Amino acid sequence: MTAVRLWWRLLRATGPRATDVLSATAFAFATAALLAVLGGVNAFRVRLETGVVDPADGGFILTLAFVAAALLLPAVWTLAQAAVRLAIARRDDRLAALRLAGATRGQVTAMALFDAVAQALVGVLVGAMLALAVTPGIARIEFQGIPFTVGELLPPAWVWIAAAGAVVGIALVAALASLQRVHVTPLGVAQRVAEKRLSLWRVAGFGLAVAAYVALVVLDLIPVEMSVMIVLLSIVVLSYALIGPLAIQGIAWLVAKGAQRPATLLAARRVVDDPRGAFNVVGAMAIAVMAGGFASLAPAMAAPGDALATDMATGAALTIAIAGVLGAVLAGIAQSAKVLDQRREHQAMHRMGIDLQVMRGAIVRQVTLPLLVGVGGAAGLALVLILPSFMIWMQSPSSVLTWALMAAGAVVVTLGATACALPLVRRVATETAAA
């Protein structure tokens, strides 16, 4: 029997599930965010090429747009990964059962890939429509002294096709990675493999990036151009992804040592066991908050009425907003996937008499802890790096307040989205058999 027929029969037998809908939703938001970011980059490119704006300022703003896109791309990647993981979490037992029944490894792989591609294609279509729907609203935002037009924000057709292909490609790669435990043996689903420990080389890599920024930008030991400063700043911000998981793991270990409540202990131990996964949920938001802290310095250091400084502050706020939306969707999707991945653990705790409220509390704390550490650490690091200009920075209270409110709002929205995964706890814990 071919893999296509097996996949179709499995799909007809189980039907679309809530997890399939959530996976497609995750792909939709990832696609919409990607297209929105690419649309902004295209708008600045069109303005520069048509001579609507000053070439020097236009080129600088286009560079900043590419930087903002680079900061948001990891969130799109992580969101797509979470979508595939959520789908595989409900189907890995069936795939393993098919392996036991005689299905070949190639057939199991093909069926999982068909699942991922089908959900990704649905998500891409919905995401493209969502991007088109929000484009008129984005067009009202003013940059470079004039509002966008819808035409500027719509990139060429090949960009849309490339974006769709990228999302589907991410789905395929993530699906192959998620199938590893099914491929170990026909009983691979039941196997638990410990994650590799984080290496201290992360500290060295992050330290080198910060040292280069301090030497060339803060201390000005070697004069560099503005474009080089932007690149160095981008490297520092992105290198936070190296130190972030290590910091989260360290704080979670301390919390676990001093935990007074079962839910806190359970959440902290889960974060210690998977610091990379915990940081992936909050990493994009933390990076955006750090970049926003640097960008909020621009209006304070610019001359009154400087349009470029205003554009930088607006762009930073927009980046944090997009990262906040992606982070919220990712938190809901990732926590749903984790609840399903840990269904045997939840069922065992329920049989042992552990209250469902404790399990739900652990889910919330499992996001709250890395969220506060990741975002708080990013904001603190941004303040430390702009310390030489701190007094100047404080002279622009509106920019400081906007940055703080955007960061706080992103945290609140993420915690709210996490609550969407809580109803799954009862459903999973009280199941009499594995789903």
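The values are calculated or read from the model by the stated rules, or taken from the named source; none is laboratory data. All of these numbers come straight from a predicted model, not from anything done at the bench. All Cβ positions, glycine included, derive from the backbone under ideal geometry; neighbour counts span all protein chains shown.
Failed condition for L385, given (1) of a type in the set (A, V, I, L, M, F, W, C); (2) over 21 Å from F279 (Cβ atoms); (3) at pLDDT below 80, with all others met?
Result: L385 fails condition (2) only.
L415 passes all but one of (1) under 30 Å from A211 (Cβ atoms); (2) surrounded by fewer than 22 Cβ atoms within 10 Å (Cβ to Cβ); (3) among the hydrophobic types (A, V, I, L, M, F, W, C); which number fails?
(1)
Condition first: at pLDDT below 75, hydrophobic (A, V, I, L, M, F, W, C) and surrounded by fewer than 21 Cβ atoms within 10 Å (Cβ to Cβ). Can you find one or more residues in the stretch 78-95 that meet it?
no
Considering the stretch 248-299 alone, what residues qualify as being over 22 Å from the mean Cα position of the chain (by Cα) and of a type in the set (G, A, S)?
A256, G258, A259, A263, S296, A298
When A433 is evaluated against the numbered criteria (1) at pLDDT 85 or above; (2) assigned to a loop (DSSP other than H, G, I, E, B), which criterion, by number, is the only one it fails?
(1)
Filter the stretch 154-164 for residues that are under 15 Å from M129 (Cβ atoms) and outside any loop (DSSP other than H, G, I, E, B) and give the result.
Across the stretch 154-164, the qualifying residues are W160, A163, A164.
When you look at T310, is it in the same structural domain as T368 (by TED's automatic domain parsing) and either of a type in the set (A, V, I, L, M, F, W, C) or closer than 22 Å to L387 by Cα (or both), yes or no?
yes
Which residue pairs have Cβ atoms closer than 9 Å, lie 6 or more positions apart in sequence or on different chains, and pair a first residue in the stretch 135-151 that is more than 19 Å from D57 (Cβ to Cβ) with a second residue that is assigned to a helix (DSSP H, G or I) and among the polar types (S, T, N, Q)?
V150/T135
If a residue counts only when it is closer than 17 Å to V281 by Cβ and either of a type outside the set (A, V, I, L, M) or assigned by TED's automatic domain parsing to the domain that holds V210 (or both), which helices (runs of 4 or more DSSP H) contained entirely in the stretch 325-410 have at least 2 such residues?
Once the helices (runs of 4 or more DSSP H) in the stretch 325-410 are filtered for at least 2 residues that are closer than 17 Å to V281 by Cβ and either of a type outside the set (A, V, I, L, M) or assigned by TED's automatic domain parsing to the domain that holds V210 (or both), what remains is 356-385.
Among the listed residues A378, A348, identify the single one that is more than 30 Å from V210 (Cβ to Cβ) and either aliphatic (A, V, I, L, M) or touching a residue at least 24 places away in the same chain (Cβ under 8 Å) (or both).
None of the others qualify; the one that does is A348.
If A348 satisfies every condition in (1) closer than 26 Å to T25 by Cα; (2) modelled with pLDDT of 85 or more; (3) aliphatic (A, V, I, L, M) but one, which is the exception?
(1)
How about the stretch 198-286: which helices (runs of 4 or more DSSP H) wholly inside it have at least 1 residues that are among the basic types (K, R), under 30 Å from T418 (Cα atoms) and modelled with pLDDT of 85 or more?
Hits in the stretch 198-286: 226-257, 262-273.
In the stretch 337-357, what residues are among the hydrophobic types (A, V, I, L, M, F, W, C) and buried (at least 17 other Cβ atoms within 10 Å of the Cβ)?
Selection gives A337, V339, L340, M349, I354.
Out of all the residues in the stretch 279-291, is one or more aliphatic (A, V, I, L, M), over 21 Å from W77 (Cα atoms) and in contact with a Leu (Cβ under 6 Å, 6 or more places away or on another chain)?
The answer is no, given that none of the residues of the stretch 279-291 is aliphatic (A, V, I, L, M), over 21 Å from W77 (Cα atoms) and in contact with a Leu (Cβ under 6 Å, 6 or more places away or on another chain).
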